[in-house]
Amino acid sequence: MSNKKIRCAIVGYGPTFNWGWMHGQWIKAVDDLELVAICDRDSDCLQKAKQDYPEIDHYSDMGEMLARDDIDMVSVVTHHNTHAKIVVECLNAGKHTVVEKPMCISIEEADDMISASKKANKMLSVFHNRRHDGNVRAIKEVIDQGLIGDVFHIELSACGYGHAPAIWRSKKDVSGGALYDWGAHGIDWIFHLLSGKKMAQVTGFFHKRVWLDVSNEDQTRAIILFGDGVTAEIMQSSIAYIGKPLWYILGTKGAILDSGRDAIKGYTKELVGPPGGSFRLVNSDGEKEVSYKESDWVSQYVDIANHLLKEKPNPETGEDGRRVITVLETAEKSAKSGHSEAVPYQ
């Protein structure tokens, strides 16, 4: 693209956690981006978008919006099960496309999206901005500095007790399953921390024991074995009366323990969140608390703009997003087969 502002549109302005509004705020905060349109077929959601962003254009028909030649990029902020169809349509219309995590709910859908991106010669980027959470940024810095040596084991847990509140957290045909929610963040975090490592196999354990009125699982657990023997475990539970630390990381020279408390102060409200806490670092030098960094969520869109305008790397390619989907789908396959499963994409 020439050195100009990238004209952006958003598809999806639903009320859940203000995602549509927040994407608008993130886009408007980046000098190289310009928000010009929002589309939602729900009249109430579209009316809310008009109130929040009266200075731009609004559409109830995505095809009508995509027909505009002056829209360069579309951000898809809809339910998980709609991502693939909408993204392919945007790419086929010649638009660079950003899609909220998880990028879709099956490996087959991910393949279709990547294929459409290549055919159209347009960017596909998966919006995993939570890798910029303050605690994740601080943990990565400690690992990259070698303060705990070579990481060989990671446990990542989101455990509590309570009924799934929202449609996309309760209906499996909409969400993809319980692990597709927070677990998609967790898997991306692990890939981010263990950059360059290739997977060998995934093992999954899925429970359905308490919340029988919804179709999402009550508890899910995925264990990733990497080719060099490093292991990573992601657990998400809505039936755990006692929780676990968010992060438990072992290295050859030290360890990290992090509760994750107050790690994302201001999320869905602020562009940048203040440092909210600290984690415990233990190594040969002793034990200390390491403060979280700021949460810089808007930087994901900065990186996307730099990719399109300045030939910088795409911060999260379709292939990167497909690795996350590979873990999610293979974990369920393993849970059904009763044994570990090889992964089609490493």
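The values are calculated or read from the model by the stated rules, or taken from the named source; none is laboratory data. Everything numeric here is computed off the predicted structure, so don't read it as measured data. No Cβ is skipped: glycine too gets one built from the backbone with ideal geometry, and neighbour counts run over all protein chains shown. We work out accessible area using only protein heavy atoms, side chains counted, and drop any ligands, DNA or RNA first. Shrake-Rupley method; radii C 1.70, N 1.55, O 1.52, S 1.80 Å.
Numerical summary
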quantity: Enumerated strands (runs of 3 or more DSSP E) restricted to segment 71-165, each holding at least 3 residues that are surrounded by fewer than 18 Cβ atoms within 10 Å (Cβ to Cβ); calculated: 151-159
quantity: Test result for Y59, within 24 Å of E270 (Cβ to Cβ) and either among the hydroxyl-bearing types (S, T, Y) or open to solvent by 40 Å² or more (accessible area, probe 1.4 Å) (or both); calculated: no
quantity: Odd one out for M1, checked against (1) closer than 19 Å to S125 by Cβ; (2) at pLDDT 95 or above; (3) of a type outside the set (D, E, K, R); calculated: (2)
quantity: Count - residues of segment 270-290 that are open to solvent by less than 70 Å² (accessible area, probe 1.4 Å), modelled with pLDDT of 95 or more and at negative phi; calculated: 6
quantity: Subset of segment 254-266 [touching a residue at least 40 places away in the same chain (Cβ under 8 Å) and either open to solvent by less than 30 Å² (accessible area, probe 1.4 Å) or touching a Cys at 6+ places or on another chain (Cβ under 9 Å) (or both)]; calculated: G254, A255, I256, D258, G260, A263
quantity: Matching option when the condition is farther than 30 Å from V290 by Cβ and either touching a helix residue (DSSP H, G or I) at 6+ places or on another chain (Cβ under 9 Å) or acidic (D, E) (or both), among K85, K101; calculated: K85
quantity: Residue within segment 301-323 that is part of a helix (DSSP H, G or I), closer than 25 Å to Q236 by Cα, open to solvent by less than 20 Å² (accessible area, probe 1.4 Å) and touching a His at 6+ places or on another chain (Cβ under 8 Å) present; calculated: yes
quantity: Selection count, segment 206-253, where residues are surrounded by fewer than 17 Cβ atoms within 10 Å (Cβ to Cβ), not hydroxyl-bearing (S, T, Y) and not in a strand (DSSP E or B); calculated: 12
quantity: Any hit, segment 37-55, residues being of a type in the set (A, V, I, L, M, F, W, C), out of contact with any strand residue (DSSP E or B) (no Cβ under 8 Å at 6 or more places or on another chain) and surrounded by 22 or more Cβ atoms within 10 Å (Cβ to Cβ); calculated: no
